[in-house]
Amino acid sequence: MEAYDALDPTGNITIKWDIMGWNADGYTATVYIFNFQQYRHIQSPGWQLGWSWKKKEVIWNMVGAQATEQGDCSKFKGTIPHCCKKTPTVVDLLPGTPYNKQVANCCRGGVISSWAQDPATAVSSFQITVGQSGTTNTTVRAPRNVTLKGPGPGYTCGPAKIVPPSKFMTDDKRRKTQALCNPKIASVIPTGKNNLEPLLQCTQHMCPIRVHWHVKTNYKEYWRVKVTITNFNYNMNYSQWNLVAQHPNFDNVTQLFSFNYKPLSLYAGINDTAMLWGIKFYNDFLSQAGPIGNVQSEILFRKNPSKFTLEKGWAFPRRIYFNGDNCVMPSPDLYPWLPNATPNLATTSPFLGSPPQKNAVLTKLIHLISSNCRGDVFGDVTSQRVLM
């Protein structure tokens, strides 16, 4: 995957360490993972954060997360550190963790929402107590070789750098405190794919996800689309899924019936990209392959003849992303076309034609199928009513 994404040019994940206090041989810090990506989120089983210590640091204690291995702590007598590894790997705690082991923004199993979808849950944090590290700003060293792993794309991190201390407002809003030191890991960007092979339902296209864009009705001043997302993966559910589509008429969405919608206005004067996702507790969970392994909604657009026409395949999107994965699109010459002409029907409503029996009805059914993909886009024009 390219590091730069034209649909999310400033998207990144930023990791920040706020050193909040000193102890006998080190410090206590709060570590934040901010997901500033518009539509890519970290889904279950969640993130894994790793790094290399500069000196001989150990982790005395953690709240809101845990190291996956303790390592060799045999040289310590009495109190044993939480982790003695030179290269620790840390994971989030699971939901239901006792309150005395929690901090704010922890304990979601490593799941982090995308920034556009839910900013409140687009951050994860934990508290770490580090020993044998130095006890001043000049003796503490930021971790090196930071890695962030997840079930989706891999990530690479830049070097840590010291930034101005974070400031915090007290509960009564009358006083500000600040961190003692602020190493921040440079933004991390997606670089590759995971190694998990999906177990797929046998289909002609053999793709884990199918996006079906059905041009349902063509009115005089409006047109209606039904979008269906089907999961053919027996191994994976998709919680907090999202879909990004690029179409010139997204600047004139009239109504969207059972998905959430947010325009991704990337450049001034251009609003052709939309992010769609499920309604919480209703259809934000896409089940694994089977009878309920799909979600769907309808979108009503108002026509804008100055920007595009429904002719020659322009009823279909130019680009589709599912959970940040770029879906393979069919060749443009395979897109269904609307008919060249239909009866001219007098109408006083932008929606209803008169008389109804003269409406032109298309019975053509065309599927757009891609066979080499991580996701694919299907389109059809079926029983389409065209009112001129």
Legend entry - Failed condition for Val63, given (1) within 23 Å of Pro95 (Cα to Cα); (2) out of contact with any helix residue (DSSP H, G or I) (no Cβ under 7 Å at 6 or more places or on another chain); (3) of a type outside the set (S, T, N, Q): (2)
Inset, instruction - Restrict the check to the range 286-299 and report whether at least one residue is open to solvent by 40 Å² or more (accessible area, probe 1.4 Å), modelled with pLDDT of 90 or more and under 28 Å from Pro9 (Cα atoms). - result: no
Inset, instruction - Report whether or not Val90 is surrounded by 19 or more Cβ atoms within 10 Å (Cβ to Cβ) and either touching a Leu at 6+ places or on another chain (Cβ under 7 Å) or more than 22 Å from Ala142 (Cβ to Cβ) (or both). - result: yes
Legend entry - Residues satisfying the stated conditions in the range 222-263, i.e. at pLDDT below 90, within 18 Å of Gly324 (Cβ to Cβ), open to solvent by 30 Å² or more (accessible area, probe 1.4 Å) and touching a Pro at 6+ places or on another chain (Cβ under 8 Å): Met236
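Got at least one residue in the range 265-277 being more than 30 Å from Lys220 (Cβ to Cβ), under 15 Å from the mean Cα position of the chain (by Cα), at pLDDT below 90 and not acidic (Asp, Glu)? Full working, then the answer.
Taking the range 265-277 as the starting set, the residues that turn out to be more than 30 Å from Lys220 (Cβ to Cβ) are 266-268, 277.
With the extra rule that they be under 15 Å from the mean Cα position of the chain (by Cα), the set shrinks to 277.
Imposing the further condition that a residue be at pLDDT below 90 reduces the set to none.
For the range 265-277, residues more than 30 Å from Lys220 (Cβ to Cβ), under 15 Å from the mean Cα position of the chain (by Cα), at pLDDT below 90 and not acidic (Asp, Glu): absent.
One line per residue, one yes/no per condition, for (1) in a strand (DSSP E or B); (2) in contact with a Cys (Cβ under 7 Å, 6 or more places away or on another chain); (3) modelled with pLDDT of 80 or more:
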| residue | (1), (2), (3) |
| --- | --- |
| Trp115 | no, no, yes |
| Ala120 | no, no, yes |
| Asn137 | no, yes, yes |
| Arg141 | no, no, yes |
| Gly152 | no, no, no |
| Asp172 | no, no, yes |
| Thr177 | yes, no, no |
Inset, instruction - Out of Thr121, Thr135, Thr129, report the one residue that is β-branched (Val, Ile, Thr), open to solvent by 50 Å² or more (accessible area, probe 1.4 Å) and either free of Cβ contacts under 8 Å to residues at least 24 places away in the same chain or farther than 14 Å from Gly46 by Cβ (or both). - result: Thr135
Inset, instruction - Please identify the pairs in which a residue from the range 84-99 that is of a type in the set (D, E, K, R) has its Cβ atom under 8 Å from the Cβ atom of a residue that is not in a loop (DSSP other than H, G, I, E, B), counting only partners at least 6 apart or on another chain. - result: Lys85/Ala67; Lys86/Ser52; Asp92/Ala65; Asp92/Ser124; Asp92/Phe126
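So if I check each of Tyr321, Tyr282, which one is part of a strand (DSSP E or B), of a type in the set (Ser, Thr, Tyr) and at pLDDT 85 or above?
Values: Tyr282 fails: part of a strand (DSSP E or B).
One residue alone meets the criteria, Tyr321.
The values are calculated or read from the model by the stated rules, or taken from the named source; none is laboratory data. Everything numeric in this text was worked out from a predicted model, so none of it was measured. FYI the Cβ positions are ideal-geometry reconstructions off the backbone, even for glycines, and counts take in every protein chain you see. Calculation scope for accessible area: heavy atoms of the full protein, side chains included, ligands and nucleic acids excluded. Shrake-Rupley method; radii C 1.70, N 1.55, O 1.52, S 1.80 Å.
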